[in-house]
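Below is one structure, written out as structure tokens; the observations come after it.
The values are calculated or read from the model by the stated rules, or taken from the named source; none is laboratory data. Predicted model, so just to flag it, every value in this text is computed and none were measured. No Cβ is skipped: glycine too gets one built from the backbone with ideal geometry, and neighbour counts run over all protein chains shown. Surface accessibility is based on the protein's heavy atoms, side chains included, excluding ligands, DNA and RNA. Shrake-Rupley method; radii C 1.70, N 1.55, O 1.52, S 1.80 Å.
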Amino acid sequence: LDVGQGQCILLQSEGKTYLVDCGGSDAEEAADVAAERLLSQGIFRLDGVILTHFDKDHSGGMEYLLRRIPANALFVPYSTDENHVLEALEPLAGHVISLKENVNISYGDTDLSIFAPVVPDSGNESSLAVLFRHEDCDILITGDRSGFGERMLLRTAEIPAVDILVAGHHGSKHSTSVQLLTAAMPKIVVISVGENPYGHP
């Protein structure tokens, strides 16, 4: 979804909806964009929300969104530093799952794999990565991991060729490494980016 300098992705298949991140240039506006898209489809509850990491451009709109559209589960990277974010989100999510290990969710012809960070509390490298596979559409999301975090992902997970790759860290030159591109061979690369002072993409 177009949330400016941030990220918000809907993964939908077989009647289930998962949201990956909700943050952008304006946190409330990012939540509004997501809520309006969901409500227009008659979706009043999310099956799950995946927060790749706790930076505001990925998490800032989540509280506003969950106040309007609750979720059955919230997946977050294990952290000892982000209790203030979780304190706000826990009452709004049905079940909070703090990931130290990978999780796989399968339903029908869909597989949703969530890859935990190898080193918790390591900034952008702590981002959860997500692989969504449904019939002929495979999507890979790596949050804000740099090339190092991507290489750790390739060492610890089997990454197939994908149809869509969401470029790491909004198109930062330090992400979406040659190694990841060689493994994933994406047909399409999407960059979630807005006006910013960082030089992205």
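When the chain is fully extended, how far beyond the present Cα-Cα distance does HIS84 get from GLU28, taking 0.36 nm per residue of separation? Mind showing how you got there, number by number?
Numbers: separation 56, 0.36 × 56 = 20.16 nm, distance 1.83 nm.
So the extension gain works out to 18.3 nm.
Given the whole protein assembly as supplied and a 1.4 Å probe, what does the accessible area of GLU29 come to in Å², nearest 10?
110 Å²
Taking the DSSP beta bridges in region 71-201 as the whole, what percent of them are antiparallel, to the nearest 5? Show your work: numbers first, answer last.
Values: 16 of 27 bridges.
Percentage antiparallel, nearest 5: 60.
Simple spin-label model, 7 Å along Cα-to-Cβ: GLU135 to LEU181 in nm?
3.1 nm
Within the chain, what is the number of lysine pairs with alpha carbons under 25 Å apart, leaving out pairs fewer than eight places apart on the same chain? Please report the intermediate quantities before stating the final value.
On the way: LYS16/LYS100; LYS16/LYS187; LYS56/LYS100; LYS56/LYS173; LYS173/LYS187.
Lysine pair count for the chain: 5.
Please list SER25, SER113 in order of solvent-accessible area, largest first, computed with a 1.4 Å probe with all protein chains present.
From most accessible down to least: SER25, SER113.
Filter the GluC sites (Glu not before Pro) in region 97-201 down to the DSSP loop ones having no more than 10 other Cβ atoms within 10 Å, then list what survives. Write out the running numbers ahead of the final one.
Working: sites: GLU101, GLU125, GLU135, GLU150, GLU158, GLU195; in loops: GLU101, GLU135, GLU158, GLU195.
For GluC sites (Glu not before Pro) across region 97-201 that sit outside H, G, I, E and B with at most 10 neighbouring Cβ atoms in 10 Å, the list reads GLU101, GLU135, GLU158, GLU195.
Enter the accessible area per residue of the chain (Å², integer; probe 1.4 Å; all protein chains in place). Intermediate results must be reported in sequence, preceding the final value.
Working: 9350 Å² over 201 residues.
Normalised by residue count, the accessible surface of the chain is 47 Å².
So how do TYR198, TYR78 rank on accessible area, 1.4 Å probe, biggest first, that is with the largest at the start? Provide the component values of the computation, followed by the final result.
On the way: TYR198 155, TYR78 75 Å².
If we order TYR198, TYR78 from most to least accessible, we get TYR198, TYR78.
Quickly estimate the mean residue ellipticity at 222 nm for the chain, helices only: each DSSP H run with n ≥ 4 gives -39500 (n - 2.57), and the total goes over all residues, rounded to 500.
On the way: 6 runs with 49 residues, N = 201.
The per-residue figure over the chain is -6500 deg cm²/dmol.
Identify which of HIS58, HIS169, HIS134 has the largest mean-square fluctuation in a Gaussian network model of the chain, with springs joining Cα atoms closer than 10 Å.
Largest GNM mean-square fluctuation: HIS134.
Compute the separation of the alpha-carbon centres of region 150-201 and region 96-146 and state it in Å as a whole number.
14 Å
Note down the magnitude of the dipole of the chain about its Cα centre, charges +1 on Lys and Arg C-beta and -1 on Asp and Glu C-beta and zero elsewhere, to the nearest 20 debye. If you can, show how the numbers build up before the last one.
Details: 13 positive and 29 negative charges, 63 e Å.
Dipole about the Cα centre, nearest 20: 300 debye.
Top to bottom by accessible area (1.4 Å), largest first, where do LEU181, LEU10, LEU74 land? Kindly include the intermediate steps, with their values, before the conclusion.
Details: LEU181 60, LEU10 35, LEU74 0 Å².
Sorted descending by solvent-accessible area, the residues read LEU181, LEU10, LEU74.
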